[in-house]
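Asks: Got a structure for you, written out below as structure tokens; questions coming shortly.
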């Protein structure tokens, strides 16, 4: 599997709420201001960690917009600084940014990874993809979930990958798994405990 040098651009944001289906509208808004982001399928948006309130998702004060992308495209994401994003009636102001390298973590979690509808088939696909990536860690499949907005719909499972060696962790974070990484799918984050796999 070809390896691309992936980096993260972290952008300060200010806003109050987002719609539950924000990943679709967020990507549309990002493409509006930085269409070159759509030139690479390696670009991934790190999912926000949000709390719910009356059907809306609340943004914490220190929430960042984090974009994973090929190192040579970092300036494309940095050019988003200062832009106002319109996300289905919710406004998000982008502030300053900084580039940071991926850090290894022994346990990683993705809220939604696309793949087969059948759980056993899904796990076989994931194992095959990890083997091709040279990642021999252990897996825990979580609940099946759906991301839907209008006619757009993505289905998958949450997934924990644990007992990762440092180089495997970096490889998995850089490559991701499955499709639709621009909507936060298959994008892995550090995970502290192997419990509550919602």
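Nothing in this text is a laboratory measurement; each read-out follows from the coordinates by a stated rule. Just so you know, these numbers come straight off a predicted model, no measurement behind them. Every residue, glycine as well, gets a Cβ built from its backbone with ideal geometry; the counts of neighbours run over all protein chains shown.
Asks: Compactness ratio of segment 108-190: Cα Rg over 2.2 N^0.38 Å, N = residue count?
Replies: Compared with the compact-globule rule of thumb, segment 108-190 sits at 1.03.
Asks: Calculate the FRET efficiency for residue 149 and residue 5 from the Cβ-Cβ distance with a Förster distance of 30 Å, rounded to the nearest 0.05.
Replies: The computed FRET efficiency comes out at 0.40.
Asks: Now for a different question. Express in whole angstrom the spacing between the alpha-carbon centres of segment 120-139 and segment 64-114.
Replies: 26 Å
Asks: Normalized C-alpha radius of gyration of the chain, against 2.2 N^0.38 Å?
Replies: 0.99
Asks: Over the Cα atoms of segment 6-100, what Rg and Dmax result, in angstrom?
Replies: Here Rg and the maximum Cα pair distance are 12.6, 41 Å.
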